[in-house]
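So the structure is just underneath, and the comments pick up after that.
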Amino acid sequence: MHRALVYFEKENCQHAVQLLEVLRQLYGNEAFECYALTINGNGQVCQGKVDYVLDVQNQALKPYDQRALTDVVSTLCKTYDFDHLLFVASHFGRTLAPRVAIRLGAAFVSEITAVRHDADSQPQFIAPEAGVQNIGVIKAKAGKPVVLTVRPDTFQYDGSQEKTTKQIKLSDLEFKAGGIRQISRHDNVDNNDISDCELLISGGGGIAKHFEALAPLAKALRGKVSASRPILDRDLIPRSALVGQSGKTVSPRLYMALGIHGAIQHVVALERVEHIISVNTNVNAPICSLSEIVVHGDAATFVDKMLKKIMEDNSHATD
Amino acid sequence: MRLVCVIGFTPDKQSFGDNHEKQKLIWQGCRMKLNPDDGYALGFALHLKKQNPDLFIEVVTMAPLSVTPLVENILRVGVDRGTLVSDGIFAGSDTATTSRILGKYLKSIDYDYLLAGSFGDDSKINQLPPQVSELLNINYISGISSIDEDTFSSSKILVEVEEEKAMATYELSAPAFLGLTEKCGHKLPYVRLKDSRMDVGHRLQVIDNSVLGFEEREVGPKGSLTKTISVQALRKKTAQQRIVGTDSEGIEYVYNFLKEKRFI
């Protein structure tokens, strides 16, 4: 029987739940046991969803101490002989998973967005590939375990399979802590969560000089403003509003891409968008090939005219 | 004090070829560029060197020899040594194997801190710093938005990190690997015109497998545990695409679409 471990990072439990869908796709109808690893958490979110919760309670084990966490995960992997280890591609998941893979001498595939099987029923993982409008199909060579990081919000777990969850309390795991200490931590005051927004007005390098014009249009359409990397590099948005590989995966019903070229690092985060409208002076920009409507022209002009049109319509409606 | 910037080069998308029929990426002859966040790490190191000329900066990368002119330009802006880890048998290595190759070289040199960009143009680049850190048994922290420069000369430094939901300050003991973001605020300077022909050959070393001594089965495709078997277009052109202009007809079309889909 297959065995898999999902790391339920305390701050990303909701994203970790989605990883259970990855397991369903990986194993199909084959029997498997799912273990959730929680560290200094309560494991409540895993109840009824996994077979076992490995409940590690030790206040000396800090979420940022990646060397100590690597000790713990590696020990558990050796004990339970997992086939797959899954991590959310979060701030800490992105650094813990590759460390664990190196420690275990395991194959590692990062930022997967889909799973499929070849003719021999061997799993293949879909992940962004360098440079252009492409995704790579990646295969792990024979052997286990395979370590995976999964982009948040790319899989949807429907929770239809109710499981009887057993708790395994672990308090005597050995690890070596040290070399890093948290001095302070304060929550970001920026609560611009674009990941669950219905409509995003997103700007790129082509509208950088008029980026402030996006906010009124977003407001008029009851959406939020997001952006691609060139806007972040100009310090016009916080990272929380960045769409793409180094930012967020989004799933709005409508994504309006204004002056966005559409490099793979950006469009990989748009796979679950329902409608894309792009406005670009170059109709051959990669984003245009993904768009339902392409507006050929200057993005700032479009924003100005569209906003006027909406305002006019609103004023007629109130007359 | 010695800083080592571990940098990566990615294909420049303007010159990068792909063959969708054969489902292969065409790397041969494609122009490479420095991973943008690695440029910020280098920019920060050079900023520190301005204040402390005794600081020694080495840049280390694993890449084909074709990136030599790019590394030479990095030396021309003030980096003390460039190390290009390159050998035909390394070609085709996955990121874990690349980390092992670089890790072997890094184990052989002295450093106080390793620096790199936090994010890569290519997600595979992001894996490298944590994997190298594991091999060197040192801490790695990514997302660093600022570093307390006063602490740089001591054995422990303070860094501010932008996490998903919080800003946090950490104290790290040297040696450590630091992943910087654009927020650190120091871009890699351009080469000055007067320095553009500066001979920097004596500061550039190429490390090949005769130095590192890997067996053929340990590196390249044979030594890699993952394999990219094909590349495919992310999403096909949508069947019902409509191209309009920014004239009144185009605006009307988009407006009606928004209304039809109940966004207005």
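Worth a mention:
- In sequence order, the stretch A:119-126 has phi-based couplings of 4, 8, 6, 8, x, 10, 10, 9 Hz under the Karplus curve 6.51 cos²θ - 1.76 cosθ + 1.60, θ = phi - 60°, and Gly or Pro positions carry x.
- Spin-label pair A:GLN156/A:HIS316, simplified geometry with 7 Å Cα→Cβ offset, distance in nm: 3.5
- Divide the volume of the convex hull around the Cα atoms of chain A by the residue count and you get 167 Å³ per residue.
- Additional length obtainable on full extension of the chain from A:THR79 to A:ASP196, 0.36 nm per residue less Cα span: 38.3 nm
- Shielding by partners - mean other protein chain Cβ count within 10 Å, residues of A:84-94: 3
- Theoretical FRET efficiency, 1/(1+(r/R0)^6), r = Cβ-Cβ of B:GLU149 and B:THR68, R0 45 Å, to 0.05: 0.90
- For B:TYR140, the residues whose amide H sits under 5 Å from its own are B:PHE177, ignoring neighbours fewer than 5 places away on the same chain, with H placed 1.01 Å from N.
- The Rg/Rh ratio for the stretch B:23-96 is 1.03, where Rg is the radius of gyration of the alpha carbons and Rh is the Kirkwood radius.
- Of A:ASP118, A:ASP71, A:ASP55, the one that fluctuates the most in a GNM where chain A has Cα springs shorter than 10 Å: A:ASP118
- Partner lysines for B:LYS183 [C-alpha distance under 25 Å; skip if fewer than 8 residues away on the same chain]: A:LYS209, A:LYS224, A:LYS248, B:LYS13, B:LYS33, B:LYS49, B:LYS50, B:LYS124, B:LYS156, B:LYS165
- Hz values of 3J(HN,Hα) by residue in the stretch B:215-226 - Karplus curve (6.51, -1.76, 1.60), Gly and Pro given as x: 7, 4, 6, 8, 10, x, x, 5, x, 9, 8, 10
- The stretch B:126-132 - phi-based ³J(HN,Hα) in whole Hz, Karplus 6.51/-1.76/1.60, Gly and Pro as x: 5, 6, 5, x, x, 5, 5
- In the distance distribution for the stretch B:157-221, Cα-Cα pairs more than 15 Å apart total 76 percent.
- Spin-label pair B:LYS187-B:LYS107: with each label point 7 Å from Cα along the Cα-Cβ axis, the two points sit 4.0 nm from one another.
- Taking the charge dipole of chain B about its Cα centre, with +1 at Lys and Arg Cβ atoms and -1 at Asp and Glu Cβ atoms, the residue from B:SER146, B:VAL60, B:PHE9 reaching farthest to the positive side is B:PHE9.
- Take the Cβ atoms of B:GLU171 and B:VAL211, set R0 to 41 Å, and the FRET efficiency comes out at 0.70.
- Virtual spin-label span in nm between A:GLN167 and B:ARG31, 7 Å along Cα→Cβ: 6.1
- Size of electric dipole in the stretch B:88-238: Cβ of Lys, Arg +1 and of Asp, Glu -1, about Cα centre, debye, nearest 20: 820
- q = 0.12, 0.16 Å⁻¹: log10 I(q)/I(0) that the Debye formula gives for the stretch B:2-223, counting C-alpha atoms only: -0.64, -1.15
- Counting Cβ atoms of other protein chains within 10 Å of each Cβ in B:126-138 and taking the mean gives 6.
- Measuring max minus min along each principal axis, the C-alpha atoms of the protein assembly as shown give extents of 75, 72, 51 Å (largest first).
- Kirkwood radius and radius of gyration were both taken over the C-alpha atoms of the stretch A:2-170, and their ratio Rg/Rh is 0.94.
- Choice from A:ASP120, A:ASP153, A:ASP51 with maximal GNM fluctuation in chain A (Cα, 10 Å cutoff): A:ASP120
- For B:SER210, B:SER155, the sequence from fewest to most other C-beta atoms within 10 Å is B:SER210, B:SER155.
- In this structure the amide hydrogen of A:VAL6, modeled in the peptide plane, comes within under 5 Å of the amide hydrogens of A:TYR35, A:ALA36, A:LEU37, A:LEU86, none closer than 5 places in sequence on its chain.
- Over the residues of chain A, the helix contribution to mean residue ellipticity at 222 nm works out to -7500 deg cm²/dmol, using -39500 (n - 2.57) for each DSSP H run of at least 4.
- Considering only A:ARG181, A:ARG239, A:ARG24, the Gaussian network model of chain A with Cα springs below 10 Å gives its largest mean-square fluctuation to A:ARG181.
- One decimal place: the segment B:LYS50-B:ASP12 gains 10.7 nm when fully extended, by the rule 0.36 nm per residue minus the C-alpha distance.
- Amide H contacts of A:GLN57 (H built 1.01 Å from N, in plane; Pro and chain starts excluded): A:ASN40, A:LEU170 sit under 5 Å, all sequence-distant by 5 or more or on other chains.
- Basic side chains Lys and Arg get +1 at the Cβ, acidic Asp and Glu get -1 at the Cβ, and with that the dipole of the stretch A:67-192 about its Cα centre reaches some 480 debye.
- Farthest positive-ward along the protein assembly as shown dipole, Cα basis, beta-carbon charges - from B:VAL206, A:ILE138, B:ILE74: B:VAL206
- Nearest-20 debye value, the protein assembly as shown charge dipole, Cβ charges on Lys, Arg, Asp, Glu: 540
- Peptide A:97-104 shows a mean partner chain C-beta count of 6 within 10 Å per residue C-beta.
Readers should treat all values here as calculations from the given coordinates under stated rules, not as data from a laboratory. Because the structure is predicted, anything quoted here is derived from the model rather than measured. Heads up, the Cβs are rebuilt from the backbone with ideal geometry, glycines too, and the neighbour counts pull from every protein chain shown.
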